[in-house]
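**Q** Let me give you the structure first, and then I'll get to my questions.
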Amino acid sequence: MLDISSHDVLIVGGGGAGLRAAIAVAETNPNLNIAVLSKVYPMRSHTVSAEGGAAGVIGPDDTLDEHAYDTISGGDWLPDQDAVEFFVKEAPEELLRMEHWGCPWNREPNGRVAVRPFGGMKKERTWFAADKTGFHMLHTLFQTSLKYNAVTRYDEFYATKLLADDGQVQGVVAIELASGKIQAISAKAVILTTGGCGRVFPFTTNAAIKTGDGMSLAYRAGAPLKDMEFVQYHPTGLPFTGILITEAARAEGGYMLNKDGYRYLQDYNLGKPQPQPVLRSMELGPRDRLSQAFVKEFEKGRTLKGPYGDVVHLDLRHLGEKKITTKLPFVRELCLKYENLDPVKELIPVRPVVHYMMGGVHTDTNGATPLKGLYAAGEVACVSINGANRLGSNSLTECLVFGAQCGRAAADFASTQRAPGRHLLAQAVDEETRLQDQFLRKAGGRERISEIREEMQRTMEQSAGIYRSRDSLEQAAGKLSELQERFRDIGLDDRGHAFNTELVAALELGSMVDVAESIIQCALHRTESRGAHQRTDFPARDDQKFLAHSVVTRTAEGTPAVNYLPVKITRWPPAERVYGK
């Protein structure tokens, strides 16, 4: 039997952006009934794994314009500058609000909030709580959200479909994982805050839950996805596991060394070795440039062979045990647990690893999508402030700024709407039937989830990695089209309802194949190199044709169609990206 519930605002995703949105809705209109639906308990959301910090201007030698310029140039002039200006203005206010709610920011001896340098940032503006910043921020937001009785939580529910009527989103269909019951949850406004889709690739810092669910929900409902070709590799992931060694390790003075013990980044227009910290050069260059430098070192035979692929070394030994224990305790813990080495005494093997999606659901600065009643914030969304390459420490702040903004906007919208009609239940019944027929009652399915997932991930790594080409992308497009067909013939062994993790894996795979197709098609159409999107057959940036956002929509036939929107330029015309000078 279909379960039914109704709320004023429904937030899908319980991480940093989702909890900040819930608080903003409650503060904007205390009379609204709010729901937060999450496929994991909120404190298990991926925000908890963010380590390095959150960017916001606070120093007397820093300005909002400098933060804006670093963000825009770091994004290779693809960010919308009106969104960036709004973001940098709101950032310090949001971080101070976190301070007032109890986030334990590191302090200077005089009591001021401490900041550290971060890649691509020319001034020190990254607030941090040791190297567990996301953990402490998520705790703070979760505890603050508990103050509001208007917030109902649906923990461990998986949303499978957006409910829409006449182009207006009015709820979701979801599965309660514990029981397998199908739930129709109607709402006057829906906010997506489900995070990114790093699991589309085989080697990623992302948790297993980051499968692009929200992007796919929006895409299937008719909302466009924007700038999906821009996939960020982080230059320092641990081999095999993909676990992130935070950029804070380099911010505190770590060195990147090739097999000869040489600080190779000085060969890639990222500056020369100087006493640390030098904010504009070397190890604190932007992530796209550092990841590309690794590939060049590999091609020159200057990386080290390891059991899980080639690596270079991250050297923290010169920082000393006291600094590592004080500023980078989690880095030391990860190295000891997962690599059986102590960074106080030993070199850390690292390699580039998929970390973040610059693209996502197309929104404006209020978080509103082109679908009435649907909003998005955080990594699932593309405002765009990140453009072709996100600067480290902007993402946690983005969750706060745009989580709050779309919470306020959704609250205002919901306050003017009537409750959705019961006719939406027909869509929910149809979705329940689809889930039963396509998965739980289906007999004779020949395809296995793991095989399709592995083929998809391998295709993405080989064809849409740090460097791409027309041939590789066209091969990937054909392969993903084949995988879409094969996905329809998936068979499940588990036909039960309670905690059917195989069913969840199948639904997640459907989302990932959708997202993978959109990445490939956008990359194929963008015949230039910009930021994290590097085409070996088109190595130059082309502002004449591609100073524009790619926008991909789903056609009636279920295939992706790519168009373009102009980038919003307010004050900073496109220029060369220069580091280390």
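**Q** Taking region 179-236 as the search range and keeping residues that are in a helix (DSSP H, G or I) and of a type in the set (Gly, Ala, Ser), which one is farthest from Cys382 (Cα to Cα)?
**A** Ala221
**Q** Go over the candidates Glu66, Glu90, Glu124 one by one and state the one that is within 30 Å of Glu576 (Cβ to Cβ), in contact with a helix residue (DSSP H, G or I) (Cβ under 6 Å, 6 or more places away or on another chain) and of a type in the set (D, E, K, R).
**A** Of Glu66, Glu90, Glu124, the one residue that is within 30 Å of Glu576 (Cβ to Cβ), in contact with a helix residue (DSSP H, G or I) (Cβ under 6 Å, 6 or more places away or on another chain) and of a type in the set (D, E, K, R) is Glu90.
**Q** For residues that are in contact with a strand residue (DSSP E or B) (Cβ under 6 Å, 6 or more places away or on another chain) and at pLDDT below 95, scanning just region 394-424, find the one that is surrounded by the fewest Cβ atoms within 10 Å (Cβ to Cβ).
**A** Gln417
**Q** Based on what the data block shows, is Pro566 open to solvent by 70 Å² or more (accessible area, probe 1.4 Å) and either within 18 Å of Asp227 (Cα to Cα) or within 23 Å of the chain's Cα centre (by Cα) (or both)?
**A** Against the criterion (open to solvent by 70 Å² or more (accessible area, probe 1.4 Å) and either within 18 Å of Asp227 (Cα to Cα) or within 23 Å of the chain's Cα centre (by Cα) (or both)), Pro566 qualifies.
**Q** Is it fair to say Ala575 is surrounded by fewer than 21 Cβ atoms within 10 Å (Cβ to Cβ), free of Cβ contacts under 8 Å to residues at least 40 places away in the same chain and over 25 Å from Gly198 (Cβ atoms)?
**A** Against the criterion (surrounded by fewer than 21 Cβ atoms within 10 Å (Cβ to Cβ), free of Cβ contacts under 8 Å to residues at least 40 places away in the same chain and over 25 Å from Gly198 (Cβ atoms)), Ala575 does not qualify.
**Q** Of the residues Leu96, Leu64, which single one is open to solvent by 10 Å² or more (accessible area, probe 1.4 Å), farther than 25 Å from Ala388 by Cα and among the aliphatic types (A, V, I, L, M)?
**A** When all the criteria are applied, what remains is Leu96.
**Q** Residues of region 466-480 being open to solvent by less than 70 Å² (accessible area, probe 1.4 Å) and either acidic (Asp, Glu) or touching a residue at least 60 places away in the same chain (Cβ under 8 Å) (or both), which ones?
**A** Ile466, Tyr467, Arg468, Ser469, listed by residue number.
**Q** Search region 79-90 for residues that are among the acidic types (Asp, Glu) and pair each with any residue that is at pLDDT below 95 and surrounded by 24 or more Cβ atoms within 10 Å (Cβ to Cβ) when their beta-carbon atoms are under 9 Å apart and the residues are at least 6 apart or on different chains.
**A** Cβ pairs passing all conditions: Asp80/Ser384.
**Q** Considering every residue within region 457-467, establish whether at least one is under 26 Å from Ala184 (Cα atoms) and among the hydroxyl-bearing types (Ser, Thr, Tyr).
**A** No, because not a single residue in region 457-467 is under 26 Å from Ala184 (Cα atoms) and among the hydroxyl-bearing types (Ser, Thr, Tyr).
**Q** Within region 69-93, restricting attention to residues that are part of a helix (DSSP H, G or I) and hydrophobic (A, V, I, L, M, F, W, C), which residue is surrounded by the fewest Cβ atoms within 10 Å (Cβ to Cβ)?
**A** Phe86
**Q** Looking only at region 542-567, which residues are farther than 21 Å from Glu474 by Cα, in a strand (DSSP E or B) and hydrophobic (A, V, I, L, M, F, W, C)?
**A** Ala548, Leu565
**Q** Shifting gears a bit: Restricting the first residue to region 101-118 and requiring it to be within 18 Å of Lys323 (Cα to Cα), which pairs with a second residue that is open to solvent by 10 Å² or more (accessible area, probe 1.4 Å) and in a strand (DSSP E or B) meet a Cβ separation below 6 Å and a spacing of at least six or different chains?
**A** The qualifying pairs are Trp105/Val113; Ala114/Arg107.
**Q** Still on this structure, please answer the following. Any residue in region 158-181 that is under 19 Å from the mean Cα position of the chain (by Cα), farther than 30 Å from His100 by Cα and touching a residue at least 12 places away in the same chain (Cβ under 8 Å)?
**A** The answer is yes; a qualifying residue exists.
**Q** Just give me the residues in region 296-315 being closer than 24 Å to Arg390 by Cβ, open to solvent by less than 30 Å² (accessible area, probe 1.4 Å) and not in a strand (DSSP E or B), in sequence order.
**A** Glu297
**Q** If you don't mind, another one. Those residues that are outside any loop (DSSP other than H, G, I, E, B), surrounded by fewer than 20 Cβ atoms within 10 Å (Cβ to Cβ) and charged (D, E, K, R), I need them from region 486-531; list them, please.
**A** Arg486, Glu502
**Q** Tell me which of these Ser6 doesn't satisfy, since it passes every other one: (1) open to solvent by 20 Å² or more (accessible area, probe 1.4 Å); (2) among the small types (Gly, Ala, Ser); (3) closer than 14 Å to Met137 by Cβ.
**A** Every listed condition holds for Ser6 apart from (3).
The values are calculated or read from the model by the stated rules, or taken from the named source; none is laboratory data. Owing to the predicted nature of the structure, the values given are computational and were not obtained by experimental measurement. No Cβ is skipped: glycine too gets one built from the backbone with ideal geometry, and neighbour counts run over all protein chains shown. Remember, those area values only see protein heavy atoms, side chains included, never the ligands or the DNA or RNA. Shrake-Rupley method; radii C 1.70, N 1.55, O 1.52, S 1.80 Å.
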